[in-house]
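First comes the structure, then the notes that go with it.
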Amino acid sequence: MNLKTMTLALMIACAGSLAACSSPTVIQHRDGSSDVAPDEPKYNKDSGMYEYDKDGKKVQINKDDVKGMEEVK
């Protein structure tokens, strides 16, 4: 297992253990990085951006920069 895979697995495990009623989502970026959002990101049609919370702050990411999203189970 390489470092990126181990980091992603750890992030998913941590997000799953911290969230009781929410459905955390892993957001995979085109540059290979990923983020874990506590809930499914909301898409804003007017701006073309996904919006989610990360560490208590609102984050926006362009729809074209998102490779994929997967709900953590």
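In debye to the nearest 20, how big a dipole does the chain give about its Cα centre with +1 on each Lys and Arg Cβ and -1 on each Asp and Glu Cβ?
Numbers: 10 positive and 12 negative charges, 19 e Å.
The calculation lands at about 100 debye.
Report the calculated FRET efficiency for LYS4 and VAL66 (r = Cβ-Cβ distance, R0 = 22 Å), to the nearest 0.05. Intermediate values should be presented prior to the final figure.
Details: r = 17 Å, r/R0 = 0.79.
The pair LYS4/VAL66 has a calculated efficiency of 0.80.
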Sequence-distant residues sharing a close amide H with SER34 (under 5 Å, placed H): HIS29
If you take mean projected area of the Cα convex hull in nm² from the coordinates, which of (i) 5.6; (ii) 4.2; (iii) 5.2 do you get? (iii)
Would you mind checking the tilt of helix 3-18 against the longest principal axis of the Cα atoms of the chain, expressed as 0 to 90 degrees and rounded to 10? 80 degrees
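Read-outs throughout are calculated quantities, based only on the coordinates presented, and are distinct from any laboratory measurement. All of these numbers come straight from a predicted model, not from anything done at the bench. Every residue, glycine as well, gets a Cβ built from its backbone with ideal geometry; the counts of neighbours run over all protein chains shown.
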